[in-house]
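Visitor: Can you read through this structure? Questions will come right after.
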Ligand code: HEM
């Protein structure tokens with residue numbers, strides 16, 4: 001209660017200071033002007049849900065320009081979120097943060113605290129050690145183990161997904177996206193929790209994924225998000241509880257190295273492993289503990305959603321681009337991803353290009369700890385900023401013919417023109433795990449089948465609706481069996 005009161009007090013003081021800064025800025029003598037403001041009492045979520053995020057954003061740009069402050073809730077006290085769609089300003093922002101070693105918080109932890117689904121935020125003192133814990137599961141030795149699991153899952157999954165009937169050489173399949181996401185989630189559970197999920201468990205946890213997707217957009221774009229958050233997190237927890245319980249058994253038995261993530265997480269979060277083995281009520285407490293699930297979801301959700309989405313976009317793209325497909329097939333046929341557990345060069349380039357056109361994260365969120373200028377505008381401390389990857393990645397000044405997919409495009413991930421996995425100290429911890437899984441999935445697919453499909457409509461995607469990640473709309477591919485030696 002005291003924490004809530006002090007949080008509210010801090011928010012109120014911050015809001016008042018911001019209002020004064022706005023006022024000064026409006027006078028326009030000492031500070032540049034504020035960006036144009038789009039204000040909604042009940043947040044902007046309704047518009048985003050109806051229009052889709054990229055389309056909503058394009059409308060904001062048309063009406064307000066490429067920098068717009070979204071205001072939420074009551075004037076003065078409401079939050080504000082700066083959408084940065086000007087690619088030059090976005091690029092400058094990413095680079096400026098790097099150069100100054102400036103790591104603003106990742107979104108409204110202070111505000112949603114207990115209800116957060118992801119444990120992330122540079123303001124959080126335990127953040128760095130949690131990130132190290134996750135990174136320890138992605139060492140070269142662990143990646144070899146993960147590559148074995150991924151290969152064992154993806155081979156049979158591809159056969160089942162495509163399943164060309166006996167006596168035929170090819171088959172046309174429509175909307176196999178759910179099967180791909182199912183397989184990605186299967187891999188995620190085995191790698192991070194050290195247990196084999198049943199098909200029902202995979203489906204149940206998959207369904208909940210979309211809850212968290214919606215939850216994240218509520219947190220970002222709704223005013224009264226905490227009402228929804230409690231309900232959703234409880235549902236999510238209940239669908240993962242049986243898997244966590246089995247993961248605990250694997251930890252106690254010490255029988256799989258992939259149970260190490262759960263084991264180390266328990267230590268990190270202060271749970272006594274020996275007592276968990278003996279004391280049922282203590283174990284029940286863990287199974288109901290929100291912080292434990294928050295930590296788990298930090299790896300589980302991107303291991304399925306962003307990774308699965310990228311695999312799907314690549315399948316769609318390669319089906320319509322036989323030249324790129326052959327190049328990747330040739331490369332992947334020649335590598336052993338278990339002894340060399342990383343995406344080889346051309347595959348890594350194709351992944352980067354895919355994330356350029358179809359960024360899985362719509363943007364990079366930060367909280368401003370100090371007031372800053374964005375382009376010609378002044379943005380006060382305390383604002384959240386959302387650097388739009390869609391606009392950054394389609395900037396014609398950085399990427400020639402920016403709307404065209406080119407699997408062999410050379411993209412720099414250090415000059416601020418591409419941030420598919422973000423940049424700097426808060427960049428994605430799971431990048432090598434994700435790239436490996438994408439490479440394993442493509443190898444399993446391309447070594448068995450040739451793909452063909454219609455020309456791609458780049459706008460045929462879910463526009464971050466129903467989830468915070470991007471997924472292609474259902475599409476058709478013809479799979480032709482490859483004649484192997
Ligand atoms: C194609 C797949 C993926 C993409 C495109 C992606 C992208 C991103 C992006 C854009 C961020 C935001 C960083 C920031 O705020 O600056 C992020 C953070 C993060 N990602 Fe990923 N990610 C992917 C897969 C994964 C996987 C498989 C894991 C599993 C370990 C993972 C774990 C994380 C974690 C722990 C963070 C938080 C980092 C921090 O706050 O320090 N990601 N990711």
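The values are calculated or read from the model by the stated rules, or taken from the named source; none is laboratory data. Predicted model only: the values in this text are computed from it and were never measured. Don't worry about glycine lacking a Cβ; one is built from the backbone with ideal geometry, like all the others, and counts go over all protein chains shown.
Visitor: Determine, yes or no, whether residue 290 is at pLDDT below 90, in contact with a helix residue (DSSP H, G or I) (Cβ under 7 Å, 6 or more places away or on another chain), more than 14 Å from the ligand (Cβ to nearest atom) and more than 30 Å from residue 459 (Cβ to Cβ).
Guide: yes
Visitor: Can you tell me which residues in region 416-450 are away from the ligand (no atom under 12 Å from the Cβ), assigned to a helix (DSSP H, G or I) and either touching a strand residue (DSSP E or B) at 6+ places or on another chain (Cβ under 8 Å) or within 16 Å of residue 298 (Cβ to Cβ) (or both)?
Guide: 445
Visitor: Now, a different point. Scan the helices (runs of 4 or more DSSP H) fully inside region 69-163 and keep the ones with 2 or more residues being modelled with pLDDT of 75 or more, more than 12 Å from the ligand (Cβ to nearest atom) and over 26 Å from residue 224 (Cβ atoms).
Guide: Where helices (runs of 4 or more DSSP H) fall fully within region 69-163 and carry at least 2 residues being modelled with pLDDT of 75 or more, more than 12 Å from the ligand (Cβ to nearest atom) and over 26 Å from residue 224 (Cβ atoms), they are 87-99, 140-162.
Visitor: Return the pairs, sorted by first residue and then second, in which the second residue is at pLDDT 90 or above and outside any helix (DSSP H, G or I), the first residue lies in region 293-306 and is closer than 18 Å to residue 268 by Cα and more than 8 Å from the ligand (Cβ to nearest atom), the beta carbons are less than 8 Å apart, and the residues are 6+ apart or on different chains.
Guide: Once the first residue is closer than 18 Å to residue 268 by Cα and more than 8 Å from the ligand (Cβ to nearest atom) and sits in region 293-306, its partners that are at pLDDT 90 or above and outside any helix (DSSP H, G or I) give 295/269.
Visitor: Same structure, new question: What do you reckon, is residue 251 within 24 Å of residue 280 (Cα to Cα) and crowded, with 22+ Cβ neighbours inside 10 Å?
Guide: Yes; evaluated as a whole, the condition is true for this residue.
Visitor: Next question, about the same structure. Give 364, 262 a once-over and let me know the one that is in contact with a strand residue (DSSP E or B) (Cβ under 7 Å, 6 or more places away or on another chain) and within 16 Å of the ligand (Cβ to nearest atom). Lay out the reasoning, then the answer.
Guide: Numbers: 262 fails: in contact with a strand residue (DSSP E or B) (Cβ under 7 Å, 6 or more places away or on another chain).
That would be 364, the only listed residue that is in contact with a strand residue (DSSP E or B) (Cβ under 7 Å, 6 or more places away or on another chain) and within 16 Å of the ligand (Cβ to nearest atom).
Visitor: If residue 258 satisfies every condition in (1) more than 16 Å from residue 293 (Cα to Cα); (2) at pLDDT 95 or above but one, which is the exception?
Guide: So the condition that residue 258 fails would be (2).
Visitor: Taking only pairs six or more apart or across chains, which ones have beta-carbon atoms under 7 Å, a first residue in region 444-469 that is free of Cβ contacts under 8 Å to residues at least 40 places away in the same chain and at negative phi, and a second residue that is buried (at least 19 other Cβ atoms within 10 Å of the Cβ) and in a strand (DSSP E or B)?
Guide: 460/472
Visitor: Give the residues of region 307-335 that are out of contact with any helix residue (DSSP H, G or I) (no Cβ under 9 Å at 6 or more places or on another chain) and either in contact (Cβ under 8 Å) with a residue 24 or more places away in the chain or crowded, with 18+ Cβ neighbours inside 10 Å (or both), sorted by residue number.
Guide: 316, 320, 321, 322 - these are the residues of region 307-335 that are out of contact with any helix residue (DSSP H, G or I) (no Cβ under 9 Å at 6 or more places or on another chain) and either in contact (Cβ under 8 Å) with a residue 24 or more places away in the chain or crowded, with 18+ Cβ neighbours inside 10 Å (or both).
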